[in-house]
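Participant: Before anything else, here's the structure in question.
The values are calculated or read from the model by the stated rules, or taken from the named source; none is laboratory data. As the structure is a prediction and not an experimental result, all values here were calculated from the model. Positions of Cβ are generated from backbone atoms using ideal geometry, with glycine treated the same way; all protein chains shown enter the neighbour counts.
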C-alpha cells in the first residue's frame with residue numbers, strides 16, 4: 001500500500017499530455033515584447049541514430065535557424081491576423097531587419113505525445129523566442145501601415 005500512491009503519481013506525471021506553446025505579446029519589465037513559438041524537426045540522421053541528445057540538439061538548432069528567418073515576420077503577422085501580399089511582406093521583412101532584432105531563446109520542449117515506452121521524444125520540438133520589437137506592438141502596427 002505504501003508504494004501505491006507514489007506509483008500513481010509517477011504514472012500520472014509520465015502520462016501528462018503535451019501543451020503547445022503559443023505566440024503572444026506580453027509586457028515584461030514595462031516593455032511590450034513578443035513571444036514567438038517556433039516548431040521544427042530533428043534531422044533524419046539524428047532520428048535514425050536513436051540518440052536522444054542528438055535528436056534534441058538538431059531539433060533545437062533547427063528552431064534557431066527558423067527564428068532568424070522570414071518565419072518570425074509571418075508569426076508576428078499571424079498573431080495580428082494581418083495578411084500582406086508578397087511584396088508587402090518582403091518590404092516589412094526588410095523594415096524589420098533594419099531594427100536588427102535578435103530573438104532570444106526562452107524555452108524549448110519536445111512535441112511528442114503520450115508515450116510510455118520507446119518515446120520518439122525530440123523528433124519534433126517547439127521553442128519560444130523573445131522578440132524585443134523596438135516600440136513594441138504599437139511600432140509594429142506603424143511598420144505594417146508604412147508598407148501598405
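Participant: Among the residues of region 83-100, count how many are surrounded by fewer than 15 Cβ atoms within 10 Å (Cβ to Cβ) and under 21 Å from the mean Cα position of the chain (by Cα).
Facilitator: Total satisfying the criteria: 3.
Participant: Another question about this same structure. Just checking, does region 59-74 include any residue being touching a helix residue (DSSP H, G or I) at 6+ places or on another chain (Cβ under 9 Å) and at pLDDT 95 or above?
Facilitator: Checked region 59-74: at least one residue is touching a helix residue (DSSP H, G or I) at 6+ places or on another chain (Cβ under 9 Å) and at pLDDT 95 or above.
Participant: Kindly list, by first and then second residue, each pair from a residue in region 63-75 that is closer than 18 Å to residue 33 by Cα to a residue that is in a loop (DSSP other than H, G, I, E, B), limited to pairs with Cβ atoms under 6 Å and residues at least 6 apart or on different chains.
Facilitator: 67/103; 75/23
Participant: Considering every residue within region 103-125, establish whether at least one is surrounded by fewer than 17 Cβ atoms within 10 Å (Cβ to Cβ), within 19 Å of residue 22 (Cα to Cα) and without any contact (Cβ under 8 Å) to a residue 40 or more places away in the chain.
Facilitator: Yes.
Participant: For region 84-112, what are the residues that are part of a loop (DSSP other than H, G, I, E, B) and in contact with a helix residue (DSSP H, G or I) (Cβ under 7 Å, 6 or more places away or on another chain)?
Facilitator: Here is the first cut: in region 84-112, the ones part of a loop (DSSP other than H, G, I, E, B) are 84-85, 99-103, 111-112.
The answer is 84, 103.
Participant: Please specify each residue of region 40-58 satisfying the condition of being in contact with a helix residue (DSSP H, G or I) (Cβ under 7 Å, 6 or more places away or on another chain) and part of a helix (DSSP H, G or I). Break it down stepwise before answering.
Facilitator: Within region 40-58, the subset in contact with a helix residue (DSSP H, G or I) (Cβ under 7 Å, 6 or more places away or on another chain) is 40-43, 46-47, 54-55, 58.
Within region 40-58, 46, 47, 54, 55, 58 qualify.
Participant: State all residues of region 126-148 that are in contact with a helix residue (DSSP H, G or I) (Cβ under 7 Å, 6 or more places away or on another chain) and surrounded by 15 or more Cβ atoms within 10 Å (Cβ to Cβ); if no residue qualifies, say none.
Facilitator: 127, 131, 133, 140, 143, 144, 147
Participant: Okay, next question. Condition first: within 19 Å of residue 125 (Cβ to Cβ), modelled with pLDDT under 95, surrounded by fewer than 18 Cβ atoms within 10 Å (Cβ to Cβ) and out of contact with any strand residue (DSSP E or B) (no Cβ under 7 Å at 6 or more places or on another chain). Now tell me which residues in region 19-49 satisfy that.
Facilitator: If the condition is that a residue be within 19 Å of residue 125 (Cβ to Cβ), modelled with pLDDT under 95, surrounded by fewer than 18 Cβ atoms within 10 Å (Cβ to Cβ) and out of contact with any strand residue (DSSP E or B) (no Cβ under 7 Å at 6 or more places or on another chain), then 19, 48, 49 are the ones that fit.
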